[in-house]
Amino acid sequence: MQNAKDSFYMALRTRLAALNPERTILLRGSVRPGILVEEAEAPFNQLPSDVFILRWHGLRVDQDLCAAMATAECEILYQTCGTQSFGGLDRGRSLSQMDAELIAILQPCFTAKLSYTATPPTPMLTQVFWDESAFTPIVVQRDLVSRSAKLLVHCYQEEGE
Amino acid sequence: MAATWFSAPAPVTRRVRAYFAPVNRVAAIPTLFDPTQQGSFPLDNPPAPWIDLGWIQDFSRKAASKSSSVLSGIPAAPLEQVRETLQAQVSLQFLSWTKLTMALATGAQHMNLLAAAGGVTAKADGAQAVAAVSVQPGSTATSIFLASADAADFTAGSIIALDADYAGQTGFVGSPISGAYVRQAITDADYIRRITFNVALVSQVTPTGLTLAQPLPAGAPVAGSKLQVVTGFVDREGGSFYQEWSALFVMLGSQGERIYFHYPRLQTTASAEESAIPLSSKNPDGQARVLLKAQFLALPVTDPLDGERVLCYRSFLPAANALV
């Protein structure tokens, strides 16, 4: 499933960079597209704002098929305080923009599976695919508004995985 | 170069996309889909003359063909099988209301409501229309040239119907898509524009003509074509005309495989019917989306390959590198 998780993240990251190059994060000394995998970074005291954070949850494997199908639940969290130039009064708009960006980068609902264990990554034989996302209600904490979207990411296990 | 492969489980897909293309009713020639040449077309851009009708819902196909056994011996045992009847039905729900989806979801002819002239007698399917204007030479499927005085009568955002004057002919009318069958001559010169599928939305009006937001299904206008403003569409419960179209349904699998269901000839069988789907399952009495329900009967074609009569072709294009 790791190849699928990597491929899913890289697909969303590439799509986000093309859709909104302005959404970036400075992380470990480098500027990157504003999306990261929580389990692949140092623990956060507080989640960063204005970026998408992928958090992986449950895993299920269907062994009855001719190729086992693995399904992992992914939660994509994001939050914003709005912009300083508007004194945070645009935090609702900022969150709506992130909603729209997330909906856009999740389409189409599939991407090629690659192995990122070596550079350059190696194309594999199958595709990673996912369901439509379910958005949670907005959570308000003082001047911070946040939301998450959950979806199931599926892949077929290939030989050697 | 050696290839690697994988064992592909059953295709995983979530929805079905529908494409329809006209049948030449006069010559009884359907539009055929060739998966070897057209199988990898972009779903948003089907090959001509297929018209994309978008994703559909509740797609169901039911084979009603019957076979029976020829029995022989004592006690009788099956010797062989024979196909007694050949029949198949298709049903679905369209997720949009357009000229074509409405027409396909009604069991009769489908008409355009031409903008009415002032002070005329009321009619249920559209009163006497404002006089049609002539299309000038050089027009294309998306750009209609008009005399400047005529262009001033149109506005951006209006819908137009473009076709020839009715001249007393009988039989199938509307070209290249037949929209009706005239049993005996009628007197309405606008009749063909009332039933034509050659409609489009005007995106811009210039002093020399109209720019259309979508290409006319019939392509560039032929000499003698005229156009009129359409205010909406109407169909009737009753009548003797059945829509007949070629149909193509596509399922796109998660691994890039494709399943095609190609019905060369589908005729509508059920009268106009809608289904209301509440936008919120928690509020079934709230706002609801109204979907067009369509039911079709498949008619046979003779496959020139071997002379067999068939109703449907199911094609499967496997995913790359999948074992078959």
- When only residues in the stretch B:17-41 that are in contact (Cβ under 8 Å) with a residue 12 or more places away in the chain and farther than 22 Å from B:Pro217 by Cβ count, which is farthest from the other protein chains (Cβ to nearest Cβ)? B:Pro35
- surrounded by 11 or more Cβ atoms within 10 Å (Cβ to Cβ), within 14 Å of another protein chain (Cβ to nearest Cβ) and either within 18 Å of B:Arg258 (Cβ to Cβ) or of a type in the set (Asp, Glu) (or both): does that describe B:Arg61? no
- Item | Condition check for B:Pro221: closer than 20 Å to B:Leu113 by Cα and assigned to a loop (DSSP other than H, G, I, E, B) | no
- Tally of residues being closer than 27 Å to A:Lys5 by Cβ and either touching a residue at least 60 places away in the same chain (Cβ under 8 Å) or surrounded by 14 or more Cβ atoms within 10 Å (Cβ to Cβ) (or both) across the stretch A:140-161: 14
- Could you run through the stretch A:32-68 and say how many residues are surrounded by fewer than 18 Cβ atoms within 10 Å (Cβ to Cβ), closer than 23 Å to A:Tyr156 by Cα and either within 14 Å of chain B (Cβ to nearest Cβ) or among the basic types (Lys, Arg) (or both)? 9
- Message: Quick check on my filter: what residues within the stretch A:135-161 are closer than 23 Å to A:Phe52 by Cα and either in a loop (DSSP other than H, G, I, E, B) or of a type in the set (Phe, Trp, Tyr) (or both)?
- Response: A:Phe135, A:Thr136, A:Pro137, A:Ile138, A:Arg142, A:Asp143
- Task: Considering (1) closer than 22 Å to B:Ala103 by Cβ; (2) among the hydrophobic types (A, V, I, L, M, F, W, C); (3) buried (at least 18 other Cβ atoms within 10 Å of the Cβ), say which one B:Leu210 fails and leave the rest.
- Result: (1)
- Query: When only residues in the stretch B:303-324 that are among the small types (Gly, Ala, Ser), assigned to a loop (DSSP other than H, G, I, E, B) and within 14 Å of chain A (Cβ to nearest Cβ) count, which is nearest to B:Pro264 (Cα to Cα)?
  - Reply: B:Ala319
- Hits in the stretch B:100-136 - residues which are of a type in the set (D, E, K, R) and surrounded by 21 or more Cβ atoms within 10 Å (Cβ to Cβ): none
- Return the only residue of A:Glu75, A:Glu132 being assigned to a strand (DSSP E or B), out of contact with any Gly (no Cβ under 7 Å at 6 or more places or on another chain) and of a type in the set (Asp, Glu). A:Glu75
- Would you mind stating whether B:Ser67 is among the polar types (S, T, N, Q), free of Cβ contacts under 8 Å to residues at least 40 places away in the same chain and either more than 14 Å from every other protein chain (Cβ to nearest Cβ) or exposed (fewer than 14 other Cβ atoms within 10 Å of the Cβ) (or both)? yes
- If B:Thr4 passes every condition in (1) surrounded by 12 or more Cβ atoms within 10 Å (Cβ to Cβ); (2) within 14 Å of chain A (Cβ to nearest Cβ); (3) in contact (Cβ under 8 Å) with a residue 12 or more places away in the chain but one, which one does it miss? (1)
- Item | Considering residues of the stretch B:164-192 that are of a type outside the set (A, V, I, L, M), within 17 Å of the chain's Cα centre (by Cα) and buried (at least 21 other Cβ atoms within 10 Å of the Cβ) only, the residue farthest from B:Val230 (Cα to Cα) | B:Ser178
- Query: Which members of the stretch B:136-151 meet the condition of being more than 14 Å from B:Ala220 (Cβ to Cβ) and in contact (Cβ under 8 Å) with a residue 40 or more places away in the chain?
  - Reply: B:Leu146, B:Ser148, B:Ala151
- Query: Within the group B:Leu43, B:Leu53, which residue is within 14 Å of the chain's Cα centre (by Cα) and not acidic (Asp, Glu)?
  - Reply: B:Leu53
- Message: Against the conditions (1) surrounded by fewer than 19 Cβ atoms within 10 Å (Cβ to Cβ); (2) touching a Leu at 6+ places or on another chain (Cβ under 8 Å), where does B:Tyr263 fall short? Just the number, please.
- Response: (1)
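Would you confirm whether any residue within the stretch A:95-110 is closer than 20 Å to B:Gln255 by Cα and in a strand (DSSP E or B)? Even if it seems obvious, please write down each step before you answer.
Of the stretch A:95-110, the ones closer than 20 Å to B:Gln255 by Cα are A:105-110.
Restricting the remaining residues to those that are in a strand (DSSP E or B) gives A:110.
Looking through the stretch A:95-110, at least one residue is closer than 20 Å to B:Gln255 by Cα and in a strand (DSSP E or B).
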- Item | Count of residues meeting criterion [away from chain B (no Cβ under 14 Å) and modelled with pLDDT under 95] in the stretch A:115-139 | 6
- Message: Out of everything in the stretch A:69-110 that is of a type in the set (Ser, Thr, Tyr) and buried (at least 19 other Cβ atoms within 10 Å of the Cβ), what residue ends up being nearest to the other protein chains (Cβ to nearest Cβ)?
- Response: A:Tyr78
- Task: Kindly check whether there is at least one residue in the stretch B:233-247 that is in contact (Cβ under 8 Å) with a residue 60 or more places away in the chain, among the aliphatic types (A, V, I, L, M) and under 24 Å from B:Asp190 (Cα atoms).
- Result: yes
- If you scan the stretch B:286-324, which residues turn out to be over 22 Å from the mean Cα position of the chain (by Cα) and within 30 Å of B:Ser7 (Cβ to Cβ)? B:Phe316, B:Leu317, B:Pro318, B:Ala319, B:Ala320, B:Asn321, B:Ala322, B:Leu323, B:Val324
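The values are calculated or read from the model by the stated rules, or taken from the named source; none is laboratory data. As the structure is a computational prediction, the values presented were derived from the model and not from experiment. Methodologically, a virtual Cβ is constructed for each residue, glycine included, from the backbone with ideal geometry; neighbour enumeration extends over all protein chains shown.
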